[in-house]
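J.: I have a structure here, written as structure tokens, and I will follow up with some questions on it.
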Amino acid sequence: LKQRIKTASFDTGSTLTLARSEAIKRNSDVVITQASGGWQNGWTVTNGGTTLSQQAAYTGITITSPVTSLTYNNSGHLTGTASPTFEISDANGASTRCITVNLSGLPNSKLGTC
């Protein structure tokens, strides 16, 4: 279970880095949107209607965040959201990781709650 949390944490951080990089490279907005029912059900990365990446659902874990989508602009910064967080935990909360996104749009992962 701890490995699933680590994997989900890595996947989330990688997706944030990819979206930021693609926004800069394409010189346009890139949006990450959670799947129906929450982030643990997966997400999609898009640019102007084109799907760049998709993440499948995770089993046995919960991903909570105050946001349902994120938009990176052409400079690699998040638009409209100041430092969102993603808390990834197992069903009983015994193991938790927190991903924060700093003002420059880069993710950071740590053990424990957000």
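The values are calculated or read from the model by the stated rules, or taken from the named source; none is laboratory data. Computed from a predicted structure; not experimentally measured. Cβ coordinates were reconstructed from backbone atoms using ideal geometry, including for glycine residues, and neighbour counts include every protein chain displayed. Remember, those area values only see protein heavy atoms, side chains included, never the ligands or the DNA or RNA. Shrake-Rupley method; radii C 1.70, N 1.55, O 1.52, S 1.80 Å.
J.: State all residues of region 73-100 that are touching a Pro at 6+ places or on another chain (Cβ under 8 Å) and surrounded by fewer than 12 Cβ atoms within 10 Å (Cβ to Cβ); if no residue qualifies, say none. Show your work before the answer.
T.: Taking region 73-100 first, the residues touching a Pro at 6+ places or on another chain (Cβ under 8 Å) are 78, 84-85, 99-100.
Listed by number, the list is empty, since nothing qualifies.
One line per residue, one yes/no per condition, for (1) charged (D, E, K, R); (2) at pLDDT 95 or above:
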position	(1), (2)
Asp29	yes, yes
Ser53	no, yes
Tyr58	no, no
Val67	no, no
Leu78	no, no
Ala82	no, no
Phe86	no, yes
Thr113	no, no
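J.: Residues that are of a type in the set (Ser, Thr, Tyr) and more than 12 Å from the chain's Cα centre (by Cα), at least 2 per element: which strands (runs of 3 or more DSSP E) completely within region 19-114 meet that?
T.: Details: elements: 30-34, 43-47, 50-55, 61-64, 69-72, 85-90, 96-101, 107-111.
Counting at least 2 such residues, we get 50-55.
J.: Also, quick follow-up: Picking from Leu52, Leu70, Leu103, which residue would you name as being more than 25 Å from Leu1 (Cα to Cα) and in contact with a Pro (Cβ under 7 Å, 6 or more places away or on another chain)? Full working, then the answer.
T.: On the way: Leu52 fails: in contact with a Pro (Cβ under 7 Å, 6 or more places away or on another chain); Leu103 fails: in contact with a Pro (Cβ under 7 Å, 6 or more places away or on another chain).
Just one listed residue meets the conditions, Leu70.
J.: Please go through region 39-50 and pick out each residue that is in contact with a strand residue (DSSP E or B) (Cβ under 6 Å, 6 or more places away or on another chain) and either at pLDDT below 95 or open to solvent by 30 Å² or more (accessible area, probe 1.4 Å) (or both). Walk me through how you get there before you give the answer.
T.: Let us first name the residues in region 39-50 that are in contact with a strand residue (DSSP E or B) (Cβ under 6 Å, 6 or more places away or on another chain), namely 39-40, 42-47.
Correct list: Gln40, Thr44, Thr46.
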